[in-house]
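The values are calculated or read from the model by the stated rules, or taken from the named source; none is laboratory data. Remember, predicted model here, so these are calculated numbers, not experimental data. All Cβ positions, even for glycine, are placed from backbone atoms using ideal geometry, and neighbour counts span all protein chains on display.
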Amino acid sequence: MTQTKPPLAILLAAPRGFCAGVDRAIQIVEESLEKWGPPVFVRHEIVHNQHVVSRLEALGAVFVETLDACPDDRPVIFSAHGVPKAVPAKASARQMTYVDATCPLVSKVHVEAERHYRDGCEIVLIGHYGHPEVIGTMGQIPDGRMHLVETVEDAEAFVPQDPTRLALVTQTTLSVDDTADIVAVLNRRFPDIRAPHKEDICYATTNRQDVVKVMAPRCDLFLVIGAETSSNSKRLVEVAERGGTPAAHLVASAEAIDWGWFDGVQTLGLTAGASAPEDLVQGVIAACRARFEIRVDPVTTTEETVTFKLPRILVST
């Protein structure tokens, strides 16, 4: 007698997964391997996802943490998170061929920070300590002119040299709501603080959080596919929890799922962080299908059409 599988509704988020900056960064590694042949060195993980990194390693990419680990005679790629100014300067001094895969929306923050510094402002950076994007952004201007603020408490405690000469930038992958709370404190304490002309938190981070907010009240369990090192993926878990889902978990792939989480679950919310490939999403759906009688309902809040050009060094003849 065939045992009937229990029913499970899967609400599938859209947009989810790769953003334009991640697409571009991966393509940069692939095109570099095509142009120069392996090995091509990549300073830091090109994006924060081990599945992506492993696939590129199999093609001939070598991932290292410092420029010192790269030979002078092979190309090096800087990751999508951005690097301090000193890194390309050192590569130039060594006459290395390098390709900058920094997401253009991160580069926009770098340009803003430099402009504020030239205007004589002290800069507040809202972000997470130790994240590669924060390290790269702080490395755009001299030490001591940019101050990291991580929480509302940090914003309350911050003491500038001159409250009338302050500017604000943010990491691109933050919680929209948490950041708004911190900005509100800074605006209250320092009414003259210069804010970004356009929101620094990137469109992809905002879009992925928005659809999770819509889905969360309808879900008994939420799974976010992404890496532990992925800031935007971690924020999605927090958004689901705050939105009313009783339990939310970050999983690297279907293999990381604890099926005990599904006890009593009728509706699963499913999304993927901006550096997680779609095949991992389909892998989770397939694993669910093996255990449940599933129905997949897409939940779409916006369509993404953003694309970014490749660096000139890869498209020139």
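For the stretch 287-305, which positions are of a type in the set (A, V, I, L, M, F, W, C), within 23 Å of Gly260 (Cβ to Cβ) and surrounded by 12 or more Cβ atoms within 10 Å (Cβ to Cβ)?
Ala287, Cys288, Phe292, Ile294, Val296
To keep it simple, each residue is scored yes or no on (1) touching a residue at least 60 places away in the same chain (Cβ under 8 Å); (2) within 24 Å of Val22 (Cβ to Cβ); (3) in contact with an Asp or Glu (Cβ under 8 Å, 6 or more places away or on another chain).
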position: Ala256; (1), (2), (3): no, yes, no
position: Thr271; (1), (2), (3): yes, yes, no
position: Ala276; (1), (2), (3): yes, yes, no
position: Ala286; (1), (2), (3): no, yes, no
position: Arg289; (1), (2), (3): no, no, no
position: Val296; (1), (2), (3): yes, yes, no
position: Thr302; (1), (2), (3): yes, yes, yes
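Here are Val109, Val134, Val159, Val124: which of them is within 25 Å of the chain's Cα centre (by Cα), farther than 26 Å from Val64 by Cα and hydrophobic (A, V, I, L, M, F, W, C)?
Criteria check complete, one pass: Val124.
Got a sec? Which of Leu314, Leu280, Leu268 is touching a Cys at 6+ places or on another chain (Cβ under 7 Å) and not basic (Lys, Arg)?
None of the others qualify; the one that does is Leu268.
Would you point out the residue of the stretch 200-220, among those that are under 21 Å from the mean Cα position of the chain (by Cα) and part of a loop (DSSP other than H, G, I, E, B), that is nearest to Gly21 (Cα to Cα)?
Here the residue is Cys202.
I'm checking my understanding of the structure. Among residues of the stretch 263-289 that are in contact with a helix residue (DSSP H, G or I) (Cβ under 8 Å, 6 or more places away or on another chain), in a loop (DSSP other than H, G, I, E, B) and not aliphatic (A, V, I, L, M), which one is farthest from Thr229 (Cα to Cα)?
Ranking the qualifying residues of the stretch 263-289, first place goes to Pro277.
Starting from residues that are among the aromatic types (Phe, Trp, Tyr) and outside any helix (DSSP H, G or I), keep the ones in the stretch 35-75 and report whichever is nearest to Ile225 (Cα to Cα).
Filtering the stretch 35-75 for residues among the aromatic types (Phe, Trp, Tyr) gives 36, 41, 63.
From what's left, outside any helix (DSSP H, G or I): 41, 63.
Working: Phe41: 27, Phe63: 22 Å.
Residue satisfying both the conditions and the ranking: Phe63.
Table: residues versus (1) charged (D, E, K, R); (2) surrounded by 15 or more Cβ atoms within 10 Å (Cβ to Cβ); (3) assigned by TED's automatic domain parsing to the domain that holds His81; (4) in contact with a helix residue (DSSP H, G or I) (Cβ under 7 Å, 6 or more places away or on another chain).
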| position | (1), (2), (3), (4) |
| --- | --- |
| Gly139 | no, yes, no, yes |
| Glu156 | yes, no, no, yes |
| Arg165 | yes, yes, no, no |
| Gln171 | no, yes, no, yes |
| Thr179 | no, yes, no, no |
| Val183 | no, yes, no, no |
| Arg194 | yes, yes, no, yes |
| Lys198 | yes, no, no, no |
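For Val87, indicate whether it is in a helix (DSSP H, G or I) and out of contact with any Cys (no Cβ under 8 Å at 6 or more places or on another chain). It would help to see each step written out before you state the result.
Values: in a helix (DSSP H, G or I): yes; out of contact with any Cys (no Cβ under 8 Å at 6 or more places or on another chain): yes.
The answer is yes for Val87.
Quick one: which helices (runs of 4 or more DSSP H) lie wholly within the stretch 107-199 and hold at least 1 residues that are of a type outside the set (D, E, K, R) and without any contact (Cβ under 8 Å) to a residue 24 or more places away in the chain?
152-157, 176-189
Go through the stretch 41-61 residue by residue and tally those that are over 21 Å from Ser233 (Cβ atoms) and touching a residue at least 24 places away in the same chain (Cβ under 8 Å).
Summing the residues that are over 21 Å from Ser233 (Cβ atoms) and touching a residue at least 24 places away in the same chain (Cβ under 8 Å) in the stretch 41-61 gives 5.
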